[in-house]
Structures are given as structure tokens and as C-alpha cells.
Amino acid sequence: MGPPRGNSAEPVCRTGVEVMTTGQDVKVFLCAPDSERSCFGCCPPIRPAHYDPLDWVGSLKREFRDNRRAFRQPSPPGRPIVGFSCWALGYLDAQGRRIGCLLHPCQNGGRDLRDRVGYGSKCAREQCLASRVFSSLKAGEQRFWLELAHGLNAFYYSSRRANPLFHVLLWGKRVLGAFSSLAASRGWSATELVWRYPFLVDPKRAPRAWRYLAQMLLESAPAPPPNEGLEGALNHLAQGAEAFFRERFPGQGGAEAVFVHQAGLGQSLADFVRLHLGCHRAPLPFLRDLQDHVRWRAQRLRGAASPGSGRWMARQGSHGTDG
Ligand code: SF4
Ligand code: SF4
């Protein structure tokens, strides 16, 4: 028994470091995509906010060495996790290249020993958003985006600061799919793509706050326009949505008010309203009107496109014709 593979809807891998075969159509796990890279970024599951393993490399190296040694003793430890470190997180190979869960089924002939730490199913269930998005990509798309983390050792690969995949993947399946298709048609690597489209890795443009707008602009577009035009259109669309919100938002009370993430209008719209507009509760009819308004504006911006001009939508923004 190993962690689920391929198109399974189940949570996957998470530090077990199962190395998949290298067939072209085999999907892999973000937690351990190949024999070189492994992630332990969410172990143990309860940690201080903003914890990053890169801040603790020296002490973690000692800890991982000690944990591996203790686990290989005739009577390995078996106690609950104490504090923010787990005795089962350690080096998985003698060279200290791969770091992961010593109790994972992949390390124990299929036997899942993770209940020994007292977190029960939480260890098996935990999966970060980047990993969930990665699992939803096609095999070829996974290989394409993984190039951004080429050469990172386990500490850098596990760091949200150092590993660009933890940022880029939050743009979601649809936006990533549009850009990997564009790169395939132009023969670009992922590194070349983000050099040409720097907004994809810009820390000031949080993907979850902008993803909905990007989806609306790229929907039905033959291909993403050049970066300048796309960024101009994103900003223009955001300004329009913000103005609509300022002028029309009726308040978060009333019988028709719902929590935005429970409105049933999709995760991307919910993230945009919560993280971009700062609204967590709103009347459902208002949310539907906002959705229609953004879609209408995005259509107009796409309609103004002049493919290949480099001024795709920025030109529309400067005219301000759809106020
Ligand atoms: S942080 Fe994400 S990619 Fe890393 S081990 Fe956890 S689930 Fe896997
Ligand atoms: S038992 Fe394994 S999965 Fe759970 S926190 Fe420890 S190292 Fe991570």
C-alpha cells in the first residue's frame, strides 16, 4: 500500500517521499516529485505562524540526524508530538538529501505508523493548497512548473519564501493551464515564462486575491497577451470591481446575507471578495451582480484586445470607456 496516485481525489503523499516512475504520463506529488526533491514544510501540522525551516537549518539538521538514528534503534520512540517538533521527521537516506516522515507507509513497507505520534489522521490528511493545485494539474503541466524549483535542496524546497512553487501554484489550475499552453506553443521553459510574465511571481500580487480576475480575462482568450497589457487589464478590472463594491454594497446584514465562502459561486470569486475587497459576508443577489459586472467588464477588455500589440488591454484602461 502506498499513497494514492494519479487522479485520485484523496490527499496525496505529504512527506512520505515515494519516488514515482518516470514515465511521461505519470503524475507526481509536490511533496516529493522525484529522487532529488522532498518537502517537509507542513510538519508537524501545528506550528507557529510564519514558521519557515530556512530560519532553523542548523538545529533542524541536528534534529533530523538524531531522529533518524533513534528511529533505527531496536526500540524506536513512540510518543506524542511535543511542542513544534516531531521525533518522526528525519533524514530518509544516509546522505541526508531527502527529509520526510519516518512513519509514512512508503518508509515502512506499506504500514502507516503515523498514529504513534498522537495526531491520528491529521498527519495523513494535511495537504497544503499548493499541493492540492499541483495534484489537479496534468502530468505535463506538473513537469513544466516543477522546473521553477530545480536544484533546491530539501530545506529550500520546503520553504515558502524560497520555493516559488508555493506562490505560483496558488494562481490555480485554469490560470496555470493558460500559461503553460502559451509556453508550450512558444517553446519557453517555466523560468523563461515567469521572466516574461513577472506578475506571476510578484510577492505584492497575492494569487488568491487576483486569480478570479485573471481567470475572467483569460477565459476564452486565444492566448494571454504580453505582460504589460495583462497587468494593465488586471488593474483596470480590479478598479472597476472596487468601484462597483464601494457604490453598490448594501451592507453585510439582512436576510439574504451569506458568508462569502458559502455562497456557492466558486472558490475563486469567494477568494477575490474576501481577500481583495475585504468582505466576508454579503447578500447573495449583490454577489451575483458583482460576478456579472466583473464578467461584463472582462468581456469588454478582451473585446478591445489587439493580439500581439503589446498594449492589449492597457489601451482600453487608458481610455476609461466602460465606467
Ligand atoms: S507543505 Fe505542501 S508540499 Fe510540502 S509536505 Fe506539506 S503538503 Fe506537501
Ligand atoms: S508523524 Fe510524520 S507526518 Fe506527522 S508530523 Fe511527524 S513527520 Fe510529519
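Worth a mention:
- Candidate set: region 81-125, residues that are among the acidic types (Asp, Glu) and open to solvent by 50 Å² or more (accessible area, probe 1.4 Å); chosen: the one farthest from ligand 1 (Cβ to nearest atom): ASP115
- Members of region 147-173 that are touching a residue at least 60 places away in the same chain (Cβ under 8 Å) and part of a helix (DSSP H, G or I): ALA149, ALA154, PHE155, TYR156, TYR157, LEU165, PHE166, LEU169, GLY172
- Filter pass, GLU228 being at negative phi, surrounded by fewer than 22 Cβ atoms within 10 Å (Cβ to Cβ), assigned to a helix (DSSP H, G or I) and without any contact (Cβ under 8 Å) to a residue 12 or more places away in the chain: no
- Inspection of region 56-68 finds a residue satisfying the criterion of being surrounded by 14 or more Cβ atoms within 10 Å (Cβ to Cβ), more than 13 Å from ligand 2 (Cβ to nearest atom) and among the hydrophobic types (A, V, I, L, M, F, W, C).
- Any hit, region 97-106, residues being within 16 Å of ligand 2 (Cβ to nearest atom) and without any contact (Cβ under 8 Å) to a residue 40 or more places away in the chain: yes
- Within this structure, SER268 fails the test of being closer than 19 Å to LYS173 by Cα and surrounded by fewer than 18 Cβ atoms within 10 Å (Cβ to Cβ).
- Of the residues in region 126-137, none is over 16 Å from VAL175 (Cα atoms), within 13 Å of ligand 2 (Cβ to nearest atom) and either free of Cβ contacts under 8 Å to residues at least 60 places away in the same chain or loosely packed, with under 14 Cβ neighbours inside 10 Å (or both).
The values are calculated or read from the model by the stated rules, or taken from the named source; none is laboratory data. Keep in mind it's a predicted model, so treat the numbers as computed, not measured. Because the Cβ atoms are built from the backbone with ideal geometry, glycine has one as well, and the counts that use them run over all protein chains shown. With ligands, DNA and RNA removed, areas are computed over all heavy atoms of the protein, side chains included. Shrake-Rupley method; radii C 1.70, N 1.55, O 1.52, S 1.80 Å.
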